[in-house]
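So the structure is just underneath, and the comments pick up after that.
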Amino acid sequence: MVLPINAFSRSQEGPPRLITREEVAAWAPSRPIDGHKGTFGRLLIWGGSPGMSGSVCMAAKAALRSGVGIVLVSSPAEIAAPLLTFAPEVLTRRDEGDPSMRTAALIDESRSAGAVLAGPGLDPDDPFTGAAVLGLIRSAPRLVLDAGALTAASRDLPLFRSALRDRRAEGMESPVLTPHPGEFSRINPGWDLRDRTEGARSYAVENSVTLVLKGHDSVISLPDGECYINPTGNDGLAKGGSGDILGGLIGGFLAQRISVSAAVCSAVYFHGLAADFCAEALGKRYMQPTDLFSFLTESYRSCGWE
């Protein structure tokens, strides 16, 4: 399905396309009957900080609900207790030591992960955060940058763009960036908020990234200029924590070796669809981000993923 050309601003690449249920159904990954936890991938989540433990907890739970085999969370020691209470299935590692040691250890861990989600609940003011984000961009095979990781990257935009160029030069897969409009303004100063589609598309092409510009009718822009609009979701998602759940789903799908475009579009679609089912059952005012977990099964089944 293609949107009417006047529904969004005109693009050199043509109008954006709506994600359809039929497309999402076609992207369903196989789950072999003899599969084990290693078969379904390993996701590393780096995040959490004092006062922000909930973000990484929700991201980890969402990743587990994506079908990934192993979720490892790298966070400060004080995050482990609330994390394991909320999601006892995760593995944990302590993110500690001097900045250079922490960066080296995180990058080494990232190389054995199927995908890395960096940012939920992360402290962008930690002296180690900026260098570690740049290191992950240059080393993580599959990478999602969200929240605190994007804010840290925005503190030195020339270095951030240089790292993205280095990644492209190495022939690595495009990283996934998942900003809300405020975060997108930080990494793309001067962006016209009225031009969501073309702003996202031009940034994705220029920087060789897959960009998810969150909000009503979230925009997914690929590095080749292709652009999608997500038709699912509602204002019940306009609450803190919704983005952490989306990040966990994207990371979990990437770790299962789904193509970047299919993983991102499917995660955004399912996240919104679960919210639609949730709103119908509970109401948009009452629903909370953690309620989405109870409606992901219905979302998956509606598209043949279960």
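Here is a yes/no grid of residues against (1) in contact with a Leu (Cβ under 6 Å, 6 or more places away or on another chain); (2) at pLDDT 95 or above; (3) closer than 20 Å to VAL260 by Cα:
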| residue | (1), (2), (3) |
| --- | --- |
| ALA115 | yes, yes, yes |
| ALA118 | yes, yes, yes |
| PRO124 | no, no, no |
| PHE128 | no, no, no |
| PRO141 | no, no, yes |
| VAL144 | yes, yes, yes |
| GLY148 | yes, yes, no |
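Taking first residues from the range 246-266 that are at pLDDT 95 or above and partners that are in a loop (DSSP other than H, G, I, E, B) and among the charged types (D, E, K, R), the Cβ contacts under 6 Å between residues at least 6 apart in sequence or on separate chains come to GLY247/ASP146; LEU254/ARG142; VAL260/GLU173.
Quick one: VAL90 ticks every box in (1) of a type in the set (Val, Ile, Thr); (2) surrounded by fewer than 16 Cβ atoms within 10 Å (Cβ to Cβ); (3) under 21 Å from the mean Cα position of the chain (by Cα) except a single one, so which number is it? Unmet for VAL90, out of (1) of a type in the set (Val, Ile, Thr); (2) surrounded by fewer than 16 Cβ atoms within 10 Å (Cβ to Cβ); (3) under 21 Å from the mean Cα position of the chain (by Cα): (2).
Checked against (1) touching a helix residue (DSSP H, G or I) at 6+ places or on another chain (Cβ under 6 Å); (2) farther than 23 Å from GLY135 by Cα; (3) touching a residue at least 40 places away in the same chain (Cβ under 8 Å), LEU64 passes all but a single condition, namely (1). Applying the set (1) part of a helix (DSSP H, G or I); (2) surrounded by fewer than 16 Cβ atoms within 10 Å (Cβ to Cβ); (3) polar (S, T, N, Q) to THR151 leaves exactly one unmet item: (2).
Scanning the range 222-245 for residues that are assigned to a helix (DSSP H, G or I) and either buried (at least 17 other Cβ atoms within 10 Å of the Cβ) or modelled with pLDDT under 95 (or both) yields GLY236, LEU237, SER242, GLY243, ASP244, ILE245. ARG102 meets the conditions (1) over 19 Å from ILE187 (Cα atoms); (2) more than 21 Å from the chain's Cα centre (by Cα); (3) surrounded by fewer than 18 Cβ atoms within 10 Å (Cβ to Cβ) in every case but one. The failed one is (3). Just so you know, in the range 114-133 the residues that are in contact (Cβ under 8 Å) with a residue 60 or more places away in the chain and surrounded by fewer than 24 Cβ atoms within 10 Å (Cβ to Cβ) include one that is farthest from LEU91 (Cα to Cα), and it is ASP126.
The values are calculated or read from the model by the stated rules, or taken from the named source; none is laboratory data. Fair warning: this is a prediction, and the values are worked out from it, not measured in the lab. For neighbour counting, all protein chains shown are included, and Cβ atoms are generated from backbone atoms with ideal geometry for every residue, glycine included.
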